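For reference, the structure discussed in these notes is given below.
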């Protein structure tokens, strides 16, 4: 019986050509990428090894909240970032600290056909509340709408709002991860300004 060992190098070469890179290189590239539900993504302000909780373009800028794991939580440390891919204008916290110390959030329905999820991050006397809302008045895709962005408050008073570009993709689904709201960060009953139908 003849051995097929001479075919092994050819088979490996074909596998490398088919996949574009050795499996180790692919795994390394994925570990270096930002992740959204475990899949690598590009084009947000999140860094390699961080999970994208929410991210979107807003005019010529970007908004993002990125998560780094700690012992016991995949969302142990959060970072709020605002700016462009070439220049981050705002990032906090500057040093890692447990997310529960400065972040809280909630997911609410309006009793009708709207759903809102938000995450409030406090930086001293200023809070940055990122949100994503989906509304479908008739439960049909034809009239469904979504909006997302950030609400900035100082001492509880509205300072500014910034919306995500409506025609661009917003990554926000990880805010609803069962390990996040109520676990990694406490629930927050304070609905952000601009959403009067949610209680």
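The values are calculated or read from the model by the stated rules, or taken from the named source; none is laboratory data. Just so it is clear, the structure is predicted and the values come from calculations on it, not from any experiment. When we count neighbours, we look across all protein chains shown, and the Cβ atoms used for this are built from the backbone with ideal geometry, even at glycine.
Taken over region 116-126, the criterion of being touching a residue at least 24 places away in the same chain (Cβ under 8 Å) and under 9 Å from residue 102 (Cα atoms) is satisfied by 120, 121, 123.
Among what's in region 123-146 and is part of a loop (DSSP other than H, G, I, E, B) and over 21 Å from residue 106 (Cα atoms), pick the residue that is modelled with the highest pLDDT. Top of the filtered list is 144. The number of residues in region 85-106 being part of a strand (DSSP E or B) and buried (at least 17 other Cβ atoms within 10 Å of the Cβ) comes to 5.
Residues that are closer than 23 Å to residue 116 by Cβ and at pLDDT 95 or above number at least 1 in the following strands (runs of 3 or more DSSP E) confined to region 12-69: 51-58. Would you confirm whether any residue within region 110-119 is touching a helix residue (DSSP H, G or I) at 6+ places or on another chain (Cβ under 7 Å), at pLDDT 95 or above and crowded, with 16+ Cβ neighbours inside 10 Å? Taking every residue of region 110-119 in turn, at least one turns out to be touching a helix residue (DSSP H, G or I) at 6+ places or on another chain (Cβ under 7 Å), at pLDDT 95 or above and crowded, with 16+ Cβ neighbours inside 10 Å. Pairs are defined by a Cβ separation below 9 Å, a sequence spacing of at least 6 or placement on different chains, a first member in region 173-199 that is on the phi > 0 side of the Ramachandran plot, and a second member that is part of a strand (DSSP E or B) and surrounded by 13 or more Cβ atoms within 10 Å (Cβ to Cβ); the pairs so defined are 182/105; 182/106; 194/131; 194/151; 194/161. Considering region 123-168, and only residues there that are farther than 14 Å from residue 194 by Cβ and in contact with a helix residue (DSSP H, G or I) (Cβ under 9 Å, 6 or more places away or on another chain), the residue that is surrounded by the most Cβ atoms within 10 Å (Cβ to Cβ) turns out to be 136. Among the residues of this structure, residue 135 does not count as one that is closer than 19 Å to residue 185 by Cβ, free of Cβ contacts under 8 Å to residues at least 40 places away in the same chain and in contact with a strand residue (DSSP E or B) (Cβ under 9 Å, 6 or more places away or on another chain). Take residue 166 and tell me if it is assigned to a loop (DSSP other than H, G, I, E, B), free of Cβ contacts under 8 Å to residues at least 60 places away in the same chain and under 25 Å from residue 37 (Cα atoms). Against the criterion (assigned to a loop (DSSP other than H, G, I, E, B), free of Cβ contacts under 8 Å to residues at least 60 places away in the same chain and under 25 Å from residue 37 (Cα atoms)), residue 166 qualifies. Being buried (at least 20 other Cβ atoms within 10 Å of the Cβ), over 24 Å from residue 182 (Cα atoms) and either without any contact (Cβ under 8 Å) to a residue 60 or more places away in the chain or out of contact with any strand residue (DSSP E or B) (no Cβ under 8 Å at 6 or more places or on another chain) (or both) is the filter here; which residues of region 35-56 pass it? Within region 35-56, just 45 meets the criteria. Among residues of region 80-93 that are within 9 Å of residue 45 (Cβ to Cβ), those with a beta-carbon under 6 Å from a residue that is in a loop (DSSP other than H, G, I, E, B) at least six positions away or on a different chain give the pairs 81/45.
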